[in-house]
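Written out below as structure tokens is the structure these notes cover.
The values are calculated or read from the model by the stated rules, or taken from the named source; none is laboratory data. A quick note: this is a predicted structure, and the numbers were derived from the prediction, not measured. Reconstructed Cβ throughout: ideal geometry from the backbone, glycine too, with neighbour counts over all protein chains shown. Only protein heavy atoms, including side chains, enter the accessible area calculation; ligands, DNA and RNA are left aside. Shrake-Rupley method; radii C 1.70, N 1.55, O 1.52, S 1.80 Å.
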Amino acid sequence: MDSELSVLKGIGPRKASILKSAGIVTVYDLLSYFPRLYEDQSNITPIAHLQVGEKQTVFGTITGVSERYGGSRNMLITTAIVEDNSGAIQATWFNKKFLTKQLKAGKRLFATGKISWAYGGQGQMNMSQIKEFQILDSDEEASANSRVLPIYKTIGNLNQNFFRQVIEQALFKKDNDIAVSYAIREYLSDEFRRKYNLMLREDAFREMHYPSNMRLQKFAKYRMAFDELYLIQCGLMILKKMSRDKKEGFKHKKDGELIKALLTDLPFELTGDQKKAWKEICADMEADTPMRRLVQGDVGSGKTIVALLALLKTVESGHQGAMMAPTEILATQHFEGFQHLLKNMDVRVELLSGKLTKKKKEAVYERLLKHEIDIIVGTHALIQEGVKFADLGLVVTDEQHRFGIEQRAMLEQKGDLMPDALVMTATPIPRTMTLTVYGDLDVSLIKQMPPGRKQIRTFVRTPDRRHLIYKFMREQIEAGRQGYVVCPLVEASETSDLPSAEEIFEELSNGIFYGVPCGLVHGKMKPKEKDKIMEAFHQGEIKLLVATTVIEVGVNVPNASMMVVENAECFGLAQLHQLRGRIGRGEYASYCVLVTSQKTENAKERMTIMESTADGFVLAEEDLRLRGPGQFFGSMQHGLPDLKAVDVLEDIDILLKAREAAVETMNNAELQRNVRPILASQYREQFFNITIN
Ligand code: ADP
Ligand code: MG
């Protein structure tokens, strides 16, 4: 599988290294580099025959381009006139500055989408609805024969022809190298393929790159998407089975005194969604199969309390509970929050932090083993070798997207029996993604926000407005509130002229915030110092906190009502959303100001989206659209593979079939034997402890 690409003619070390930078290392990777669109000449509709409202393909020469600003939001509107020998149509884009360079008279436009009427009755393609279009140079020839040609996304100086040539070689070479044939070899039985309506794998690869026609290409794409989803599901299920096979689960008791006491002590009532999630958790915990549940809820939706209820339930049933958080700050905060809420109860809560001395750590280990601790909160320190439990009944992983599946599994292995597992994540993701990434989990959704939250108002501003922004912030602080300033960099850097957190801290604390208690936290500080500052901010002693993204997850200071993000263009949507979630946690009207001078298309679009919505699900879908599944997927859950053929927003049906097939596979030894080798080779990094037999 790891065959070097050099088996193919035309790929030397230099080209191989360019490919590598795009993640293409093996022949399989190359063959999974699917075309971004096809030039299907048989299906091009002459412009004169285009029907309004129908999805059609246009291929014509650009004869004129114009740009203007207009519309209610004063957007850049780019129009191109596209002609073929039957007629002309107008194509329109909104806010696509980068097109200025690419769209030139004489080039050609190839696009598929719906046609609408423009003012004056002329046909118009609104390109913002169209995912795939390609601007071709006049000499990039649309081949004269009737074959459907692949169009690849070029990488560096590797052009269309290069990709067509090497991929064609790999697919059609007579004396196929072992590596090549292995990469695309069929691994499913005929019977299984017939049942799930799957094209032969080798054919599917060929039809993906050189479709005989677009109907077969769709069929091929189905197979490719199916394979990806099916293999990941199988991988997850095998992992789950391996851990479950070993151990039996816990059967927790019905709610008792502790739970009742906590619910009465709470200063608020649970929201409807929290109650529902809690009910689902109870049902799982009281059953004798181990719970595997994901609680998905936007930032600030109140997942922690649900976790605490579950932890108490395991304590009530006589077991221990563990909660793992991705950062020291968050773990400490949970620990202190729990201590506070449980202060009238006889429950022993402890914090295991990475920065404890060896001696103190060992003392905690010992008490865990003697069951002198009921609930332990900690960071990765919890999955260290030395940690053993007397009776681990429940494992909670907070902000799961910050951990790998392996890490979660490691904590679950800590007991003799199989503990129940509760997984929490604030990164809302489309359903396909949930099922793929968390394929082994049941899902509870907390969509509702606790009552009384003031909406956060978000503004995008250029740096020349900073003094006004900070003046407003000073007024907020003088009115009793607190605020965050977030910067992308820790310290001044030679490679970037962005102001660093340190510089901004100096500027603000000696300038406009002179006399206001200010603090600075960033990831390069000693944990002790960092915690001291965070604690002071928590206590309200520090009013203004200048920080890097260390505050991104979970920090909860309801009095903080304003956040300024400097150089906001450096952050992705999901990250900005998480950051913004630090404010608007109390009863105060809250303000988030994104300071940016960035004018790139993508940055602008991100900022506009942040301004227009606070809905984490909408943001997640936009993020996915802007970044593409590869990056989105990668940042969301470490260690799961890129999806190459799957359209994560669309392919829910394929996913459901693939899941069904994976379940069938788990119940059939022979099917499993077919899948394991390909899992082990293709997804070795993700599922490293799956062996071949
Ligand atoms: P997240 O889901 O982001 O982890 P938290 O659990 O930290 O959110 O909750 C955010 C804040 O909302 C906390 O201060 C918490 O005490 C509060 N909270 C949680 N549930 C409710 C509720 N039902 N009513 C009012 N406030 C709540
Ligand atoms: Mg949380």
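Tell me the mean residue ellipticity at 222 nm calculated for the chain from its helices only (DSSP H runs of n ≥ 4, each -39500 (n - 2.57), averaged over every residue, nearest 500).
After summing the helix terms and dividing by residue count, I get -12000 deg cm²/dmol.
In debye to the nearest 20, how big a dipole does the chain give about its Cα centre with +1 on each Lys and Arg Cβ and -1 on each Asp and Glu Cβ?
360 debye
If you count only protein heavy atoms with a 1.4 Å probe, what accessible area per residue comes out for the chain, rounded to a whole Å²?
45 Å²
Would you rank 385, 541, 207 by solvent-accessible area, highest first, keeping every protein chain in place and using a 1.4 Å probe?
Of 385, 541, 207, the descending order of accessible area is 385, 541, 207.
What helices does the chain hold that run 15 Å or longer along their axis, going by alpha-carbon atoms, with a Kyte-Doolittle average of 0.0 or more, using DSSP H for the helix calls?
Flagged H segments are 160-172, 303-316, 616-636, 652-666.
Roll a 1.4 Å probe over the protein heavy atoms and report the accessible area of residue 416 in Å², nearest 10.
130 Å²
For the pair residue 260/residue 69, report the inter-label distance in nm, with labels modelled 7 Å from Cα in the Cβ direction.
For residue 260 paired with residue 69, the spin-label model returns 6.7 nm.
Can you give the accessible area of residue 182 in Å² (nearest 10), computed on protein heavy atoms with a 1.4 Å probe?
Probe radius 1.4 Å; accessible area of residue 182 about 70 Å².
Please calculate the 1.4 Å probe accessible area of residue 329, with all protein chains present, and give it to the nearest 10 Å².
10 Å²
Ranked from the most accessible area to the least, with a 1.4 Å probe and all protein chains present, what is the order of 306, 315?
Per-residue accessible area, sorted high to low, gives 315, 306.
Mind checking the dipole of region 257-446: about its Cα centre, +1 per Lys or Arg Cβ, -1 per Asp or Glu Cβ, Debye to the nearest 20?
440 debye
Return the carbon/sulfur percentage of the accessible area of the chain, one whole number, probe 1.4 Å, all protein chains in place.
Roughly 50 percent of what the probe reaches on the chain is carbon or sulfur.
As an exercise, take the mean of 1/r over every pair of distinct alpha carbons in the chain, invert it, and state the Kirkwood radius in angstroms.
Taking every pair of different Cα atoms in the chain, averaging 1/r and inverting gives 28.2 Å.
Heavy atoms only, probe 1.4 angstrom, no DNA, RNA or ligands counted: give me 316, 257, 67 ranked by accessible area, highest first.
Of 316, 257, 67, the descending order of accessible area is 257, 67, 316.
To the nearest 20 debye, what charge dipole does region 456-613 have about its Cα centre, counting +1 at the Cβ of each Lys and Arg and -1 at the Cβ of each Asp and Glu?
That gives a dipole near 440 debye.
For the cross-link pairs 107/644; 454/604; 251/343; 241/414, which exceed 24 Å when the distance is taken from alpha carbon to alpha carbon?
Violating the 24 Å limit, Cα to Cα: 107/644; 454/604; 251/343.
Please compute the contact order of the chain in relative form: average sequence separation of alpha-carbon pairs under 8 Å and at least six residues apart, divided by the residue count, as a percent.
About 13 percent, as a whole number.
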